[in-house]
Each structure stands twice: as C-alpha cells, then as structure tokens.
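All remarks here apply to the structure that follows.
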Amino acid sequence: MEKKYNELSKIQLSLIDLNKKLIINSSDIIIENIKNGKLAKSSYGLKLNGNSIQGSIRILDVGSSHGRNSITILNLIISNILKHFPNQCFEILHDDLPENDFSLLFNEIIKNENSYLKLSNQLFYYGIGNSCYNQVVPSNSIDLCFSFSTSHWSPYNEKYHYYKDSIAVMYKKRSLEYRQFCIETLYNFFLLRSKELKSGGSFICSLLHENNSITPEFDSLYQLYTKIKTVWKQMANENLIDIDIVNKMMLNWNVYKEDEVKEVLKMLEINNKLKLVSIEQKTQKIKNTVFGNSDNEIQINFYIQINAAIKNILKAYIPADENHRESLFQIFNSKFIDHIKQNPIKNLGNIYSYFIMVFEKEE
C-alpha cells in the first residue's frame with residue numbers, strides 16, 4: 001500500500017460506515033457466548049466470574065494495512081463489549097503481509113486521536129506479518145475476527161490472473177480450472193479463520209463479487225481498470241516500457257461470481273463448524289464516497305484513491321530499481337489523468353458489489 005493509504009482509503013472506510021450495525025452484531029455474538037459459557041471451552045477460554053472475565057478477549061484484524069480503518073471497527077467492537085464488561089482486558093492482533101509497513105500501523109494506533117487505546121488501559125496490540133492464506137494465530141485462540149476489503153486478494157497464479165484488456169479479471173468467463181481455483185481459495189480463507197476462532201467466536205467479513213444485475217458499462221471500477229491497462233499499453237507503444245511487462249501487470253484479485261460464493265457457503269455448512277449467521281448483498285457507490293467540484297475532479301479523485309491500494313502491486317512487475325519504477329509511475333499518472341479527462345468513465349456510479357457476512361463458530 002502507498003504510505004498515504006490511510007488518507008486515501010475513504011472508499012474502504014465508507015464500506016465500514018455502511019455496516020456498523022453488523023459489526024456491532026458480531027460483537028453481540030461473543031458477549032452472549034461469554035455469558036452462556038460457550039467461549040470458556042478452549043485453552044484460551046473466557047470464564048465468567050460474576051461480572052468480570054478471567055482472561056483477555058482476543059480480536060484478530062485480518063488485512064490491517066496501516067490501521068486507520070481498523071481503528072473505526074475496533075472502536076465499535078470494544079465499546080460495545082465494555083458496556084457489559086467494563087474492566088475487560090483485550091489483545092488486538094493486526095495481521096497483514098510481511099511487506100506491510102507496520103511502523104505506520106503502530107504510529108496510527110498510538111497517535112490517532114480516535115484510537116481504540118483511549119477506550120481502556122487494558123488494551124494490548126501486536127502486529128503479525130503473514131498472509132491471510134496461512135493460519136496466522138494458534139487454533140481455537142480468537143474470540144472475534146474481522147476482515148474488510150481483503151478477501152478478494154488471492155495467492156497469485158499467472159495462469160489465471162491474466163487479462164490483456166484490464167489489470168483485474170472481471171466480467172470474463174471462467175475456465176473450469178479457474179472457477180475451481182476461486183472456490184478452493186475462498187474456502188481455504190474461511191477454513192483458516194474457522195481454525196483460528198474459538199467455539200462461540202464470531203467472524204465478520206466483506207467479499208467483493210460480480211453482481212449479476214450490473215453490466216460492465218455500469219461498473220466504474222471495471223472501467224477504471226481497463227483504462228489503466230490502456231494507458232500502460234500506450235506507454236509501451238512509445239517504448240517507455242516493454243509490452244510483455246504491461247501484459248503481465250495484474251492484480252492478484254478473485255472477484256468472485258455469485259455461484260462460487262454460494263458453493264463455498266454450502267461447503268462450509270456441510271464440512272465445517274463455521275455457521276453463517278447473516279449475509280447481505282450491497283453495492284458501493286461513488287456518491288458520498290468520492291468527492292469533487294466537477295465530474296472530472298470526482299473521476300480523478302476516484303483514481304487517486306484506488307491507486308493508493310494497487311500502485312505497489314503494479315510497480316513490482318517492473319524489473320528496475322525503485323527510482324526508475326517511480327519515475328515511470330509519475331509519467332503514467334500524468335498520462336492517465338490526461339486520458340481520463342478526454343475519455344471519462346461512463347455511467348460513473350457503482351464502484352463494486354460485495355457481500356457482508358457474519359459467522360459464528362459452532363462447538
């Protein structure tokens with residue numbers, strides 16, 4: 001992520017703001033399961049003694065990045081739990097890839113005036129540098145897990161993550177092999193979270209998907225990604241970058257199709273203890289998320305916010321030193337802004353569709 005990701009992740013923050021009630025609901029599950037004793041049955045169990053709990057509540061943040069949006073979620077969860085258990089101790093585990101800048105994360109937690117640290121003096125936080133496609137904490141050790149704007153990121157597979165017209169595979173017919181890869185990848189993501197949760201623990205996550213009711217010409221993110229690839233191709237035509245590099249430039253995303261999500265949920269129901277409590281399908285809108293004084297300014301700001309999340313992924317494809325990569329991206333940014341002024345995104349409105357899901361781990 002860009003170093004200014006915290007300032008430029010308003011689209012991701014908007015998704016959280018729209019789902020505050022469900023985030024609180026996910027913490028209500030563990031409050032109830034502390035009271036009824038379900039969360040007392042693991043080696044990390046929480047035992048209720050009068051109005052206090054023996055043991056710390058352990059919360060896992062999967063895909064923390066630089067932390068500002070995680071703080072919003074944690075404030076909701078911790079505040080709700082403290083209403084019931086005012087002297088409770090918490091351990092917060094922030095997980096992201098090893099290359100994430102954890103110094104920015106810790107700095108945000110310490111210095112943000114709205115940090116969850118201000119809620120109690122019984123809050124302890126840690127960073128974990130590991131892929132969410134590995135188990136990141138011991139089995140049966142987490143009371144509540146959350147993951148927002150993360151689960152579409154996939155282990156990279158050159159065979160499947162390739163599309164000459166865009167930097168992400170969207171609105172493209174799947175091969176049977178790629179469909180199976182998507183199903184196995186998503187199921188593994190959920191399976192790992194289930195292993196990490198205690199019985200009685202809860203998990204809330206968002207999941208990008210292709211909405212069958214939205215066509216490509218009404219999907220602003222898809223249009224943006226095709227335009228990004230177009231401008232890189234123009235730079236290749238100007239001999240500024242090799243076309244083979246441009247063709248390989250891809251986000252390791254799986255934008256899941258609705259039938260793939262349904263199949264994974266069915267697999268979880270049959271083969272796993274992760275019980276689906278609620279699921280809602282929503283569409284993230286440009287309105288009230290990306291601002292500007294004109295349509296053109298909104299389009300540019302939309303690009304700037306998305307670019308903060310994807311720039312370093314695309315840069316990694318360029319076999320050069322960091323200075324050369326950065327200079328190429330400066331040229332790209334200038335050309336892209338000129339391109340979008342002359343060829344704006346049509347039907348600017350829908351950013352992406354997603355499911356928001358709440359799970360409880362059964363005994």
Given the residues Asn307, Asn272, which is the only one that is within 28 Å of Glu158 (Cα to Cα) and in contact with a Phe, Trp or Tyr (Cβ under 9 Å, 6 or more places away or on another chain)? Asn307
Go through the range 1-35 residue by residue and tally those that are open to solvent by 70 Å² or more (accessible area, probe 1.4 Å) and either outside any loop (DSSP other than H, G, I, E, B) or modelled with pLDDT of 90 or more (or both). 7
Could you tell me whether the range 65-85 includes any residue that is at pLDDT 95 or above, buried (at least 23 other Cβ atoms within 10 Å of the Cβ) and not in a helix (DSSP H, G or I)? no
Scan the range 342-363 and report the pairs whose first residue is within 15 Å of Lys262 (Cβ to Cβ) and whose second residue is part of a loop (DSSP other than H, G, I, E, B), with Cβ atoms within less than 8 Å and a gap of 6+ or a chain change. Ser353/Asn211; Ser353/Ile214
Give me the pairs, please: first residue somewhere in the range 55-78 and more than 22 Å from Leu192 (Cβ to Cβ), second residue anywhere and among the polar types (S, T, N, Q) and modelled with pLDDT of 95 or more, beta-carbon distance under 6 Å, and either six or more positions apart or on two chains. Ile71/Ser115
Residue within the range 322-329 that is part of a loop (DSSP other than H, G, I, E, B) and open to solvent by 30 Å² or more (accessible area, probe 1.4 Å) present: no
Tell me, which residue of the range 118-138 that is hydrophobic (A, V, I, L, M, F, W, C), open to solvent by less than 60 Å² (accessible area, probe 1.4 Å) and touching a residue at least 40 places away in the same chain (Cβ under 8 Å) is farthest from Asn252 (Cα to Cα)? Leu123
Yes or no: the range 261-268 includes at least one residue that is in contact with a strand residue (DSSP E or B) (Cβ under 8 Å, 6 or more places away or on another chain) and part of a strand (DSSP E or B). no
Within the group Ser151, Ser115, Ser141, which residue is crowded, with 18+ Cβ neighbours inside 10 Å, of a type in the set (Gly, Ala, Ser) and within 22 Å of Gly200 (Cβ to Cβ)? Ser141
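Are any of the residues in the range 314-321 open to solvent by 20 Å² or more (accessible area, probe 1.4 Å) and farther than 17 Å from Met250 by Cα?
First, pick out the residues of the range 314-321 that are open to solvent by 20 Å² or more (accessible area, probe 1.4 Å): 316-317, 319-321.
Okay, now just the ones that are also farther than 17 Å from Met250 by Cα, so 320-321.
Among the residues of the range 314-321, at least one is open to solvent by 20 Å² or more (accessible area, probe 1.4 Å) and farther than 17 Å from Met250 by Cα, which makes the answer yes.
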Give the residue, chosen from Leu186, Leu207, Leu192, that is modelled with pLDDT of 95 or more, open to solvent by less than 30 Å² (accessible area, probe 1.4 Å), touching a Ser or Thr at 6+ places or on another chain (Cβ under 6 Å) and outside any loop (DSSP other than H, G, I, E, B). Leu207
Kindly indicate whether any position in the range 244-261 is farther than 17 Å from Leu186 by Cα, among the hydrophobic types (A, V, I, L, M, F, W, C), crowded, with 20+ Cβ neighbours inside 10 Å and more than 26 Å from the chain's Cα centre (by Cα). no
Output the residues belonging to the range 273-288 that are open to solvent by 30 Å² or more (accessible area, probe 1.4 Å) and on the phi < 0 side of the Ramachandran plot. Lys273, Lys275, Leu276, Val277, Ser278, Ile279, Glu280, Gln281, Lys282, Thr283, Lys285, Lys287
Among the residues of the range 343-362, are any in contact with a Gly (Cβ under 9 Å, 6 or more places away or on another chain), open to solvent by 50 Å² or more (accessible area, probe 1.4 Å) and in a loop (DSSP other than H, G, I, E, B)? yes
For the list (1) open to solvent by less than 20 Å² (accessible area, probe 1.4 Å); (2) touching a residue at least 40 places away in the same chain (Cβ under 8 Å); (3) closer than 30 Å to Gln180 by Cα, I need the number of the one condition that Thr230 fails. (1)
Assuming Gln54 fulfils every condition listed in (1) over 20 Å from Leu123 (Cα atoms); (2) modelled with pLDDT under 95; (3) not acidic (Asp, Glu) apart from one, which condition is it? (1)
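The values are calculated or read from the model by the stated rules, or taken from the named source; none is laboratory data. What you see is a predicted model, and the numbers here were worked out from it, not measured in a lab. As a convention, Cβ positions derive from the backbone with ideal geometry for all residues, glycine included, and neighbour counts pool all protein chains shown. Ligands, DNA and RNA are excluded from the accessible area calculation, which covers all protein heavy atoms including side chains. Shrake-Rupley method; radii C 1.70, N 1.55, O 1.52, S 1.80 Å.
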